[in-house]
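This report concerns only the one structure given below.
The values are calculated or read from the model by the stated rules, or taken from the named source; none is laboratory data. This structure is a prediction, so every number in the text was calculated from the model and none was measured. Virtual Cβ from ideal backbone geometry, glycine too; neighbours counted across all protein chains shown.
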Amino acid sequence: MQDKAKSVTGGQVVRRRPERYGGDGTTGTVPGMHPSEPSGQQPPWDTPPPGVPPKRAWIGWLVGACAVVLVLCCGGGGLLAYHHWSAGRSAAGSPSGSGAPHGSAAAGACRYRSDGHKPARAVSPPDPTSALPTTAVLTTNRGTITIRLAADKAPCTVRSLASLAKQKFYDGSPCHRLTTRALWVLQCGDPSGTGSGGPGYTVPDENLPTGATHPYPRGTVAMANTGSPGSGGSQFFICYQDDTIPPSYAVLGTVTGGLSVVDKVAAAGVDGPNGDGEPKLPVTITTFTTR
């Protein structure tokens with residue numbers, strides 16, 4: 001689904017976006033919307049921020065709350081996102097700049113740029129000229145999942161995945177997030193298990209299903225991101241039902257075997273409110289290989 005979309009309704013995949021009080025320019029956060037903002041610092045609902053009259057603060061809070069509801073219900077950008085925000089986002093949490101998305105692969109060259117964050121595990125950047133695999137195999141504690149990689153349509157993404165797999169970046173990592181309401185995905189790819197971890201670099205956007213009637217059908221495997229263009233990293237999600245979300249997540253492949261493993265995990269439910277959280281049936285990637 002801001003990668004932890006690094007995240008899609010009922011959950012992040014912008015659930016953690018900072019919000020603003022309207023009209024006065026004073027910033028504040030909605031509890032649970034951004035991990036870097038302790039909920040204890042959030043002013044009570046009936047308490048205005050310093051220097052703001054109570055009535056004005058209430059109106060600002062109401063506007064901010066409505067914005068959150070719209071994001072959660074309508075699938076605003078960054079739904080399957082990482083929890084941290086890249087330097088390319090404005091203070092209000094929206095993408096900065098204009099024109100072609102930063103990090104796009106329009107020219108056909110794979111450019112992997114630092115995301116400014118310490119990697120969850122030390123890895124080297126991918127070789128943009130390396131051979132392209134066509135298959136990925138995830139061996140988990142719940143069974144094996146086989147993926148046909150879209151090497152022809154997403155070469156930069158597939159090269160990054162193969163490089164991380166070769167360096168054992170994914171081995172021993174959990175699938176940290178399951179969503180079971182409005183969005184149906186299992187999200188994996190962060191060795192830290194926090195949903196904020198990545199490889200320390202970004203992957204350009206490719207193979208976005210723009211214009212597709214069903215952009216993310218059951219079995220699709222796509223990259224999570226921070227909500228900004230060209231901000232994918234190592235986290236990915238597997239759709240176990242058809243998902244109708246914005247075509248903002250690079251499709252890297254399709255599950256060809258073992259989707260029943262994800263179905264089993266989904267059937268066990270989520271350890272969290274609103275159908276979004278850690279799966280009750282823990283899933284760990286023991287090995288991740290490509291060929």
Condition check for GLY275: under 19 Å from LEU178 (Cα atoms) and surrounded by fewer than 22 Cβ atoms within 10 Å (Cβ to Cβ): yes
From the list LEU186, LEU164, which one is within 28 Å of GLY275 (Cα to Cα) and either assigned by TED's automatic domain parsing to the domain that holds PRO273 or in contact with a Phe, Trp or Tyr (Cβ under 9 Å, 6 or more places away or on another chain) (or both)? LEU186
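The rows are residues; the columns are (1) among the polar types (S, T, N, Q); (2) modelled with pLDDT under 95; (3) under 20 Å from the mean Cα position of the chain (by Cα); (4) buried (at least 17 other Cβ atoms within 10 Å of the Cβ).
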position	(1), (2), (3), (4)
ARG89	no, yes, yes, yes
ALA122	no, no, no, no
LEU132	no, no, no, no
LEU138	no, no, yes, yes
ILE147	no, no, yes, yes
Before we move on, is THR194 of a type in the set (Ser, Thr, Tyr), modelled with pLDDT under 95 and part of a loop (DSSP other than H, G, I, E, B)? no
Which residues, taken from region 114-150, are among the hydroxyl-bearing types (Ser, Thr, Tyr) and outside any strand (DSSP E or B)? SER124, THR129, SER130, THR134
Among the residues of region 251-262, is any more than 15 Å from TRP184 (Cβ to Cβ), touching a Pro at 6+ places or on another chain (Cβ under 8 Å) and modelled with pLDDT of 95 or more? yes
Has region 106-119 got at least one residue that is assigned by TED's automatic domain parsing to the domain that holds PHE236 and hydrophobic (A, V, I, L, M, F, W, C)? no
List pairs: first residue in region 171-182 and farther than 11 Å from PHE237 by Cβ and assigned by TED's automatic domain parsing to the domain that holds VAL265, second residue among the aromatic types (Phe, Trp, Tyr) and surrounded by 20 or more Cβ atoms within 10 Å (Cβ to Cβ) anywhere in the structure, Cβ distance under 7 angstrom, at least six positions apart or on different chains. ASP171/PHE288
Strands (runs of 3 or more DSSP E) contained entirely in region 213-291, each with at least 1 residues that are over 17 Å from the mean Cα position of the chain (by Cα): 251-257, 284-290
When region 151-181 is checked residue by residue, the ones that are crowded, with 20+ Cβ neighbours inside 10 Å, assigned to a strand (DSSP E or B) and basic (Lys, Arg) are ARG177
